[in-house]
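Structure record follows, encoded as structure tokens.
Each value in this text was obtained by applying a stated rule to the coordinates, not by laboratory testing. It should be emphasised that the depicted structure is a prediction, and the values quoted were computed from it without experimental measurement. With ideal geometry, Cβ positions are generated from the backbone for all residues, glycine too; neighbour counts draw on all protein chains shown.
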């Protein structure tokens with residue numbers, strides 16, 4: 001277990017270094033180019049052109065003001081065009097680079113503006129071409145500030161790379177979120193954070209040294225080493241490429257990974273099938289990735305959620321088998337039964353539409369409220385037609401509800417977060433029964449519906465080993481096999 | 001070598017158009033050192049920048065070594081600029097390069113091989129006395145050393161013309177002298193034509209052959225330097241030459257000075273001696289010839305271009321007729337006489 005963890009850590013460290021290195025390399029080179037153009041087209045400069053200057057300035061400002069996570073999701077088509085997939089470590093590099101280019105461009109422009117205009121005049125008097133002025137005067141004279149700016153950019157990229165988990169990019173930040181935040185594993189969180197701090201410190205020290213001595217040697221050596229590392233890594237992955245058939249399966253990060261690692265072993269040993277796990281942190285991207293072909297299947301959602309997503313976004317995907325039902329439960333730290341809930345009690349419910357509707361339906365089954373039957377599975381507090389106890393609903397992020405439990409009177413906690421937060425379904429004041437429409441399903445693209453490869457996947461998921469692993473992670477009836485019922 | 005014809009340059013400011021240069025005509029001969037003097041804001045910087053087109057005049061012709069620069073496309077202009085060196089008040093050396101590489105820069109720009117660059121730079125280091133500072137960076141040098149580097153850099157491409165933009169204004173007097181000596185030396189040894197601008201008449205006095213006075217964008221007076229000192233015409237020229245010769249009436253006397261002659265008043269005259277006349281005892285002989293006594297208030301003797309120029313301010317006392325005669329006599333000895341006023 002410890003060695004597994006260390007392996008995860010090494011892999012995450014390399015993923016972070018790889019993402020940050022390639023993104024830094026590209027964004028510093030392209031950003032410098034853009035910064036130079038912004039500088040020389042300024043009014044009064046060598047190639048003054050206010051149209052180009054204003055247009056580029058506007059693009060830079062717009063790109064810089066888009067929140068990173070939104071930029072990352074909105075450029076998915078471009079990412080797919082450039083690296084062939086919208087998920088994975090390579091896919092994470094595209095938005096990182098795109099976010100850092102305008103940032104470094106402004107840093108470079110500011111650095112160039114600090115160069116004494118007299119030097120440019122002197123170079124012009126010598127008969128220097130604009131390119132010679134840029135390469136022999138501007139950039140060498142601004143080198144110290146440019147190196148400081150590049151250091152700043154690299155460090156920003158290290159912190160941005162933590163969000164790469166959202167597109168299955170991995171990395172240290174993703175590891176910290178997955179183990180530390182979602183699985184409450186403080187040690188892993190600490191370890192990754194310490195490694196990140198050390199990484200940032202080292203970059204800063206190298207940057208300060210290089211800036212002081214106007215020397216690019218340190219960075220040149222480092223990038224040489226890292227290029228070598230990238231080449232070795234690619235070589236290993238090419239040489240060690242499995243001859244087995246491979247399926248990329250999208251799952252939620254967190255405890256699901258533990259179960260799916262068992263499924264991986266079963267698939268490899270018994271079915272000669274290589275399951276590649278792609279982890280996600282949100283509920284939208286796994287379907288987008290499946291629909292676009294970046295992954296081959298996903299196992300994370302329920303039928304109502306799938307139907308809602310298909311209706312909303314027109315995906316061409318469908319479900320082929322059920323896996324487990326993970327009952328949602330109603331928990332309280334303050335009261336021991338639903339009957340003792342006071343008038344006006346505060347009830348925490350998940351804030352994503354599917355889980356929100358699910359929580360309201362559960363409260364209805366428990367006899368606390370009535371929901372307008374017309375809204376089906378996706379009700380909101382607005383659709384509550386009868387609320388005799390005048391319950392106050394607080395919609396929270398699914399991961400934070402269990403943390404907020406001491407502060408509310410009642411909380412609807414999704415199964416994923418019950419065990420990690422030290423709870424057990426046996427403690428629930430009320431929970432879903434086996435008849436709830438919320439069994440997890442295996443979803444594939446419609447054209448793959450009858451592909452025998454996916455029949456193998458179903459057999460893997462229904463194997464005794466996976467069942468055993470699931471029951472180990474979800475003890476006390478927290479997971480019920482759903483396939484026998486269907 | 002440098003010919004400016006009818007140069008006009010105006011800027012658009014928020015207050016409207018501002019004429020920086022008005023119909024400038026200027027001719028600098030080969031191997032001549034020509035100085036342009038003017039107060040700050042007179043248009044000197046704009047004028048010298050028009051010569052290598054760092055500023056483009058609105059109209060006129062800029063002819064350097066027979067080529068009208070305004071007719072050239074940008075590539076041909078860059079070519080011509082290799083033959084026009086320039087140095088600046090604040091030196092404008094690259095902080096990222098040491099002395100050697102600063103001097104090598106113009107040679108790098110025209111794509112010359114490293115071995116030739118090494119030879120050429122070593123020769124220039126020798127010429128400017130910088131050999132010991134070859135590997136130093138600009139921030140390790142004094143102002144005078146920096147300007148020497150700038151001169152060496154400007155000479156690297158063997159230009160025919162050197163433009164000096166207030167080249168000594170940021171230097172102390174002693175360093176100024178050594179830089180001026182260096183400019184004079186390269187002018188003689190390399191037959192280099194030098195056009196300089198300055199606000200210090202001292203600079204004009206020390207190294208220029210000819211000088212022009214720029215006032216509010218106009219070239220109001222132009223003459224060989226000796227002539228300019230001996231017979232300045234404009235008020236601006238007089239102010240500049242007097243300050244350079246350190247000759248000025250004492251304040252107490254200036255206040256008592258009256259512009260018209262009257263009973264009981266004595267004239268105060270300024271005598272300017274040139275060349276041989278300066279060495280004759282003219283003032284002393286006035287008493288024996290005309291019984292006019294001279295009371296010398298101020299006197300100064302300067303060497304300009306191996307000629308002596310002397311100036312004396314004195315009060316003449318004697319009978320009215322005798323004073324007129326003595327002034328005529330002095331003029332006859334080829335000495336400039338200017339009556340500044342009368343005192344009692």
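What shape does the range B:234-290 have by the C-alpha gyration tensor, where a ≥ b ≥ c are the square roots of the eigenvalues, rounded means a/c under 1.5, and otherwise prolate means a/b greater than b/c and oblate the rest?
Oblate is the answer for the range B:234-290, as a/c is 1.5 or above yet b/c matches or exceeds a/b.
Averaged across orientations, what area in nm² does the convex hull of the alpha carbons in the range B:2-243 project?
About 13.8 nm², averaged over all directions.
Can you sort A:212, B:22, A:322 so the residue with the fewest Cβ neighbours within 10 Å comes first? Please list the in-between numbers first.
Working: A:212 11, B:22 15, A:322 21.
Ascending Cβ contact count within 10 Å gives the list A:212, B:22, A:322.
At 7 Å along the Cα-to-beta-carbon direction for both residue B:13 and residue B:256, put a label point, then send me their distance in nm to one decimal.
Spacing of the two 7 Å Cα→Cβ label points: 4.4 nm.
Peptide B:49-55: average number of partner chain Cβ atoms within 10 Å per residue?
2
Which of the peptides A:259-266, A:54-61 is most tightly packed, and how do the rest follow, judged by the mean count of other Cβ atoms within 10 Å per residue?
Numbers: A:259-266: 19.5, A:54-61: 14.2.
Order by mean packing, descending: A:259-266, A:54-61.
How well do other chains shield peptide A:114-124, expressed as the mean number of their Cβ atoms within 10 Å of each residue Cβ?
5
Percent antiparallel among DSSP beta bridges with both residues in chain B, to the nearest 5?
Just about 75 percent of them are antiparallel.
Could you tell me whether the range A:104-152 comes out rounded, prolate or oblate from its Cα gyration tensor? Rule is a ≥ b ≥ c as square roots of the eigenvalues, rounded for a/c under 1.5, then prolate if a/b exceeds b/c, otherwise oblate.
Judged from the Cα gyration tensor, the range A:104-152 comes out prolate (a/c at least 1.5, a/b above b/c).
So what's the back-of-envelope 222 nm ellipticity for chain A, counting only DSSP H runs of four-plus at -39500 (n - 2.57) apiece and dividing by all residues, rounded to 500?
Helix-only estimate at 222 nm: -17000 deg cm²/dmol.
Return one number: the angle in degrees, 0 to 90 and rounded to the nearest 10, between the long axis of the Cα atoms of helix B:143-155 and the longest principal axis of the Cα atoms of chain B.
60
For the residue pair residue B:298 and residue B:31, what label-to-label distance in nm results when each label sits 7 Å from Cα along the Cα-to-beta-carbon direction?
It is 3.8 nm.
Please express the shape of the protein assembly as shown as an equivalent ellipsoid: the semi-axes are the square roots of 5 times the eigenvalues of the C-alpha gyration tensor, given largest first in whole angstrom.
Gyration-tensor ellipsoid for the protein assembly as shown: 91, 30, 22 Å.
Taking 4 °C and 1.567 mPa s as the conditions, I'd like the Stokes-Einstein D for the range A:1-110 in µm²/s, using the Kirkwood hydrodynamic radius from alpha carbon pairs.
D, rounded to a whole number, is 84 µm²/s.
Counting only DSSP beta bridges with both residues in chain A, what percent are antiparallel, rounded to the nearest 5?
55
What is the spread of the Cα atoms of chain A along each of their three principal axes, largest first, in whole Å?
Principal-axis extents of the Cα atoms in chain A, largest first: 88, 56, 42 Å.
Once the piece of chain linking residue B:328 and residue B:56 is laid out straight, how much longer is it, given 0.36 nm per residue of separation minus the C-alpha distance between them?
Values: separation 272, 0.36 × 272 = 97.92 nm, distance 5.16 nm.
Net length gain for the segment: 92.8 nm.
Rounded to the nearest 10 degrees, what's the angle between the helix A:89-113 long axis and the longest principal axis of chain A, both from Cα atoms, 0 to 90?
40
Does the range B:250-343 come out rounded, prolate or oblate by the C-alpha gyration tensor, with a ≥ b ≥ c the root eigenvalues, rounded set by a/c under 1.5 and, if not, prolate when a/b is larger than b/c and oblate if not?
Details: a/c = 2.27, a/b = 1.37, b/c = 1.66.
Note, shape of the range B:250-343 comes out oblate.
Highest first, please rank the peptides A:404-410, A:231-237 by the mean number of other Cβ atoms sitting within 10 Å of their residues.
Listed from highest to lowest mean packing, they are A:404-410, A:231-237.
Based solely on its DSSP helices, what 222 nm [θ] is calculated for chain B when runs of n ≥ 4 H residues each add -39,500 (n - 2.57) and the sum is averaged over all residues, nearest 500 deg cm²/dmol?
-10500 deg cm²/dmol
Taking 30 Å as R0, compute the FRET efficiency from the Cβ-Cβ separation of residue A:450 and residue A:90 and round it to 0.05.
For residue A:450 and residue A:90, the calculated efficiency is 0.45.
Between residue A:284 and residue A:213, what's the calculated FRET efficiency when r is the beta-carbon distance and R0 is 51 Å? Round to 0.05.
Between residue A:284 and residue A:213 the formula returns 0.60.
Pop a pseudo-label 7 angstrom from the Cα along the beta-carbon direction at both residue A:232 and residue A:421 and give the gap in nm to one decimal.
4.4
Let me check the size of the range A:32-79 from its C-alpha atoms; what are the radius of gyration and Dmax in Å?
Both quantities, over Cα of the range A:32-79: 13.6, 39 Å.
Please determine, in degrees from 0 to 90 and to the nearest 10, the orientation of helix B:235-244 with respect to the longest principal axis defined by the Cα atoms of chain B, where the helix direction is its Cα long axis.
80
May I ask you to sort A:79, A:288 by Cβ crowding, counting other Cβ atoms within 10 Å and putting the fewest first?
A:288, A:79
At R0 = 35 Å, how high is the FRET efficiency between residue A:370 and residue A:333 if r is their beta carbon distance? Nearest 0.05 is fine. Please list the in-between numbers first.
Values: r = 26 Å, r/R0 = 0.75.
For residue A:370 and residue A:333, the calculated efficiency is 0.85.
How many Cβ atoms of partner chains, on average, are near each residue of B:84-93 if near means within 10 Å of its Cβ?
4
Arranged by the count of other C-beta atoms within 10 angstrom, fewest first, what order do A:443, A:200, A:115 take?
Ordered by Cβ neighbours within 10 Å, fewest first: A:200, A:115, A:443.
Please report the antiparallel percentage of DSSP beta bridges with both residues in the protein assembly as shown, rounded to the nearest 5. Walk me through the intermediate numbers first.
On the way: 68 of 103 bridges.
Percentage antiparallel, nearest 5: 65.
What is the mean projected area of the alpha carbon convex hull for the range A:66-214, to one decimal in square nanometres?
Average of the hull's projected areas for the range A:66-214 equals 10.8 nm².
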